[in-house]
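For reference, the structure is listed below as structure tokens.
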DNA sequence: GTCTATACAAAGATAGAC
DNA sequence: GTCTATCTTTGTATAGAC
């Protein structure tokens with residue numbers, strides 16, 4: 001029947017999808033039981049199969065959505081022809097910091113699931129995303145001695161890695177949740193500064 | 001019975017431990033079935049329980065070993081009082097590149113399992129590993145304006161992140177296995193250079 | 001110590017009532 | 001569409017023969 005998209009009520013189908021998103025992201029595909037999802041949704045297990053046929057199909061839908069979220073941050077910013085290289089760097093870092101503070105589990109989830117089934121990503125038509133970007137064109141122009149891939153990987157590494165290593169930082173670094181947030185706010189400014197120092201560096 | 005430690009023959013117990021190491025590291029705890037391990041070891045499933053009591057106990061042993069391998073690289077190098085700061089940076093990066101080229105699955109395995117059970121790491125007595133290191137003392141002396149944690153996280157991020165993102169690099173970056181190895185050999189020299197540029201940077 | 005056979009529990013999927 | 005009850009498969013662990 002007509003889904004009340006504008007009402008407060010949420011359809012069972014949507015409840016399940018949202019519950020699945022949370023549980024899959026937190027525990028990963030293999031450790032997630034369909035019963036966990038049903039419980040999280042406050043609904044019965046049978047409805048999951050009624051709407052989505054199988055655990056695998058439901059997962060594919062969630063994964064598609066989450067990959068779009070994860071890679072969607074960077075794609076438009078890399079190819080924005082109206083921004084300078086420095087602006088691009090600032091915006092890419094800042095957007096990732098914003099998004100990952102909201103969704104700290106996302107990188108480890110995405111990267112881990114892709115590792116176990118790299119077709120997931122291949123199907124995502126992100127082929128040669130980096131090489132052919134406007135970002136790379138601008139970087140080559142400004143500093144031809146830096147291999148663009150190295151540069152992009154470093155910026156993303158500096159930005160995303162702290163989220164991947166978060167539990168380790170808490171122990172080995174003595175970092176509380178609040179300190180972690182403050183740390184990432186600092187990095188938001190710090191990483192672009194460092195990136196510029198690297199660009200200006202004499203070879 | 002006496003285990004023939006010096007002979008070519010490997011005990012069943014050891015075969016299972018090694019098989020478990022490979023399978024757990026590749027697939028993660030949840031996706032690993034004890035049958036996979038037995039098969040990989042070329043032995044019967046019952047032996048697994050005979051020697052290790054349960055999947056969980058076997059996993060704990062493997063995990064302990066792998067964490068020691070992953071964190072063991074950095075600990076002694078960070079606290080070596082005979083090396084300069086620059087030398088420490090070079091050696092930390094280089095050692096990780098060496099080790100991770102041999103064991104590319106290690107970071108994602110470790111970080112993902114820790115996320116799902118952070119007690120694993122807490123039990124590892126790595127408390128305040130970074131803060132109290134000789135590395136940090138030297139960095140503070142040379143460049144008091146850089147927060148040491150930011151610096152360490154950035155170096156490790158630039159070094160380790162490529163391995164974590166490897167499947168993505170292959171698609172989005174158009175990187176073959178051979179190109180990946182070459183890329184990491186370049187980074188071995190590049191990252192310390194960049195790190196030095198950051199240290200020398202005017203605030 | 002090592003194996004085969006099997007018990008037992010967990011998890012995915014479906015049947016059928018409402 | 002939504003539920004309870006159940007079937008089936010898979011996976012962990014054990015019993016018992018050799």
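The values are calculated or read from the model by the stated rules, or taken from the named source; none is laboratory data. Everything quoted here is computed from the prediction, not taken from an experiment. Positions of Cβ are backbone-derived with ideal geometry, glycine not excepted, and every protein chain shown enters the neighbour counts.
Would a scan of the range B:60-74 turn up a residue that is touching a helix residue (DSSP H, G or I) at 6+ places or on another chain (Cβ under 7 Å), over 30 Å from residue A:117 (Cβ atoms) and more than 13 Å from DNA strand D (Cβ to nearest atom)?
The answer is yes, given that some residue of the range B:60-74 is touching a helix residue (DSSP H, G or I) at 6+ places or on another chain (Cβ under 7 Å), over 30 Å from residue A:117 (Cβ atoms) and more than 13 Å from DNA strand D (Cβ to nearest atom).
Conditions first: (1) more than 22 Å from residue A:183 (Cβ to Cβ); (2) facing chain A (nearest Cβ under 10 Å); (3) surrounded by fewer than 18 Cβ atoms within 10 Å (Cβ to Cβ). Residue B:176 passes all but one, so which condition is the exception?
Only one criterion in (1) more than 22 Å from residue A:183 (Cβ to Cβ); (2) facing chain A (nearest Cβ under 10 Å); (3) surrounded by fewer than 18 Cβ atoms within 10 Å (Cβ to Cβ) is unmet by residue B:176, namely (2).
Please go through the range A:179-200 and give me each residue that is more than 8 Å from chain B (Cβ to nearest Cβ), under 28 Å from residue B:121 (Cα atoms) and within 21 Å of the chain's Cα centre (by Cα), ordered by number.
If the condition is that a residue be more than 8 Å from chain B (Cβ to nearest Cβ), under 28 Å from residue B:121 (Cα atoms) and within 21 Å of the chain's Cα centre (by Cα), then A:180, A:181, A:182, A:184, A:185, A:188 are the ones that fit.
Return the residues of the range B:23-36 that are more than 10 Å from DNA strand C (Cβ to nearest atom) and under 11 Å from residue B:59 (Cα atoms); say none if nothing qualifies. Give the derivation first.
Initial filter on the range B:23-36 (more than 10 Å from DNA strand C (Cβ to nearest atom)): B:23-29, B:31-34, B:36.
Answer for the range B:23-36, where residues must be more than 10 Å from DNA strand C (Cβ to nearest atom) and under 11 Å from residue B:59 (Cα atoms): B:23, B:24, B:25, B:28, B:29, B:32, B:34.
Checking the structure you have, find out if any residue of the range A:116-126 is away from DNA strand D (no atom under 16 Å from the Cβ), on the phi > 0 side of the Ramachandran plot and either at pLDDT below 95 or assigned by TED's automatic domain parsing to the domain that holds residue A:161 (or both).
Going residue by residue through the range A:116-126, those that are away from DNA strand D (no atom under 16 Å from the Cβ) are A:118-126.
Applying the additional criterion that residues be on the phi > 0 side of the Ramachandran plot yields A:125.
From what is left, the residues that are either at pLDDT below 95 or assigned by TED's automatic domain parsing to the domain that holds residue A:161 (or both) are A:125.
Scanning the range A:116-126, I find at least one residue that is away from DNA strand D (no atom under 16 Å from the Cβ), on the phi > 0 side of the Ramachandran plot and either at pLDDT below 95 or assigned by TED's automatic domain parsing to the domain that holds residue A:161 (or both), so the answer is yes.
For the range A:157-166, what are the residues that are closer than 19 Å to residue B:127 by Cβ and at the interface with chain B (Cβ under 7 Å from one of its Cβ atoms)?
Once the filter is applied, which keeps residues that are closer than 19 Å to residue B:127 by Cβ and at the interface with chain B (Cβ under 7 Å from one of its Cβ atoms), the range A:157-166 yields A:162, A:165.
Go through B:169, B:100, B:120, B:106 for me and flag whichever is within 10 Å of another protein chain (Cβ to nearest Cβ) and in contact with a helix residue (DSSP H, G or I) (Cβ under 6 Å, 6 or more places away or on another chain).
Details: B:169 fails: in contact with a helix residue (DSSP H, G or I) (Cβ under 6 Å, 6 or more places away or on another chain); B:100 fails: within 10 Å of another protein chain (Cβ to nearest Cβ); B:106 fails: within 10 Å of another protein chain (Cβ to nearest Cβ).
Every option except B:120 fails the conditions.
List pairs: first residue in the range A:27-38 and more than 12 Å from chain B (Cβ to nearest Cβ), second residue modelled with pLDDT under 95 and part of a loop (DSSP other than H, G, I, E, B) anywhere in the structure, Cβ distance under 8 angstrom, at least six positions apart or on different chains.
Correct list of pairs: empty, since none qualify.
Starting from the range B:44-72, keep only residues that are under 16 Å from residue B:24 (Cβ atoms) and within 14 Å of chain A (Cβ to nearest Cβ), then list their pairs with residues that are within 16 Å of DNA strand C (Cβ to nearest atom) and assigned to a helix (DSSP H, G or I) whose Cβ atoms are within a distance under 6 Å, requiring at least 6 positions of separation or different chains.
B:55/B:34
Take the residues in the range B:127-144 that are within 11 Å of another protein chain (Cβ to nearest Cβ) and part of a loop (DSSP other than H, G, I, E, B), then tell me which one is modelled with the highest pLDDT.
Going residue by residue through the range B:127-144, those that are within 11 Å of another protein chain (Cβ to nearest Cβ) are B:127-133, B:136.
Applying the additional criterion that residues be part of a loop (DSSP other than H, G, I, E, B) yields B:127-133.
On the way: B:127: 72, B:128: 78, B:129: 81, B:130: 84, B:131: 83, B:132: 88, B:133: 94.
Ranking the candidates gives B:133 first.
Tell me, which residue of the range A:182-199 that is farther than 14 Å from residue A:92 by Cα and without any contact (Cβ under 8 Å) to a residue 12 or more places away in the chain is surrounded by the most Cβ atoms within 10 Å (Cβ to Cβ)?
Here the answer is A:197.
So if I check each of B:168, B:153, B:164, which one is buried (at least 16 other Cβ atoms within 10 Å of the Cβ), at pLDDT below 95 and under 21 Å from residue A:108 (Cα atoms)? Reasoning before the result, please.
Working: B:153 fails: at pLDDT below 95; B:164 fails: at pLDDT below 95.
Just one listed residue meets the conditions, B:168.
Quick check on my filter: what residues within the range A:11-53 are in a loop (DSSP other than H, G, I, E, B), surrounded by 15 or more Cβ atoms within 10 Å (Cβ to Cβ) and more than 10 Å from DNA strand D (Cβ to nearest atom)?
Within the range A:11-53, A:28, A:29, A:31, A:32 meet the criteria.
Can you tell me which condition residue A:86 does not meet? The list is (1) within 15 Å of DNA strand C (Cβ to nearest atom); (2) more than 14 Å from every other protein chain (Cβ to nearest Cβ); (3) touching a helix residue (DSSP H, G or I) at 6+ places or on another chain (Cβ under 9 Å), and all the others hold.
The failed condition is (1).
Which numbered condition trips up residue A:65, out of (1) assigned to a helix (DSSP H, G or I); (2) outside the structural domain of residue A:142 (by TED's automatic domain parsing); (3) more than 11 Å from DNA strand C (Cβ to nearest atom); (4) surrounded by 15 or more Cβ atoms within 10 Å (Cβ to Cβ)?
It fails just one condition, (4).
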